[in-house]
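Enquirer: One structure coming up, written as structure tokens, with questions to follow.
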Amino acid sequence: DTGVSQNPRHKITKRGQNVTFRCDPISEHNRLYWYRQTLGQGPEFLTYFQNEAQLEKSRLLSDRFSAERPKGSFSTLEIQRTEQGDSAMYLCASSRVGGGNEKLFFGSGTQLSVL
Amino acid sequence: DQQVKQNSPSLSVQEGRISILNCDYTNSMFDYFLWYKKYPAEGPTFLISISSIKDKNEDGRFTVFLNKSAKHLSLHIVPSQPGDSAVYFCAASAGAQKLVFGQGTRLTINP
């Protein structure tokens, strides 16, 4: 069990630039989640996939945000035309659905700073 | 709307004593509750959970209590140890859907 892996760990970008983050879930997990966390707040749900299907998107996910999970394996989260308000920790989590309550396993996150 | 609330941003407890962290929720559809622990620069790690069909679940030094009528859950840590110093999040879900998190409580264990 190698855990959930996120890259990069840190990203500093200038306002208006595009950024892309990657998440590799635990291999046998079929669900993958993206959350965002800002200072002093709990993780806020952004979107999730079951296999390759994107099943739900939060209203927090503006049209500048897009997430993909091709082939139901790793996922990418892209933010276009970044704004300073996008500065946050972006967390990825995975779980295995079926047969009971769901427990999410989180990666270490990608800390985004938009200057 | 904040469906899961942790009203204490911070808590300080002496080593060896009991730590009690509280969480309130508003959505009566929530049927599964979890506590996560988070160290700086790391993702949250699962600590303990409870289903709505139970009112207590124990795992070593950690016990979670659920009061459905009051829509309240608590996490008890006894005895508290310095390594327990972290931010604790409660989370809830309804029918195997996404987890909704509280704002977190920073627990500091003093030697």
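All of the numbers you see were taken from the coordinates with simple rules; none came from a lab. The model shown is predicted, which means the values in this text are computed figures rather than measured ones. FYI the Cβ positions are ideal-geometry reconstructions off the backbone, even for glycines, and counts take in every protein chain you see.
Enquirer: What percent does the relative contact order of chain B come to when contacts are Cα pairs within less than 8 Å and at least six residues apart?
Expert: 38
Enquirer: Taking the square root of 5 times each eigenvalue of the Cα gyration tensor, what semi-axes in Å does the equivalent ellipsoid of chain A have, largest first? Present the calculation step by step, with values, prior to reporting the outcome.
Expert: Numbers: eigenvalues 111, 38, 35 Å².
Working from the Cα gyration tensor, I get semi-axes of 24, 14, 13 Å.
Enquirer: Can you sort B:Val64, A:Val19 from fewest to most other Cβ atoms within 10 Å of each residue's own Cβ? Before the final figure, lay out each step's value.
Expert: Details: B:Val64 24, A:Val19 18.
So the residues, fewest neighbours to most, are A:Val19, B:Val64.
Enquirer: Distance between the C-alpha centers of region B:2-81 and region A:37-90? Whole Å please.
Expert: Cα centroid of region B:2-81 versus Cα centroid of region A:37-90: 26 Å apart.
Enquirer: Ratio of the protein assembly as shown's C-alpha Rg to 2.2 N^0.38 Å, to two decimals?
Expert: 1.02
Enquirer: At q = 0.15, 0.18, 0.20 Å⁻¹, what log₁₀ I(q)/I(0) does a Debye calculation on the Cα points of chain B give, no solvent, two decimals?
Expert: -0.58, -0.84, -1.03
Enquirer: Per-residue HN-Hα couplings for region B:77-84, Karplus 6.51 cos²θ - 1.76 cosθ + 1.60 at θ = phi - 60°, whole Hz, x for Gly and Pro?
Expert: 10, 8, x, 6, 10, x, x, 7
Enquirer: Roughly what % of Cα-Cα distances in region B:29-94 sit above 15 Å, to the whole percent?
Expert: Working: 1095 of 2145 pairs.
Here the long-distance tail beyond 15 Å is 51 percent of all Cα pairs in region B:29-94.
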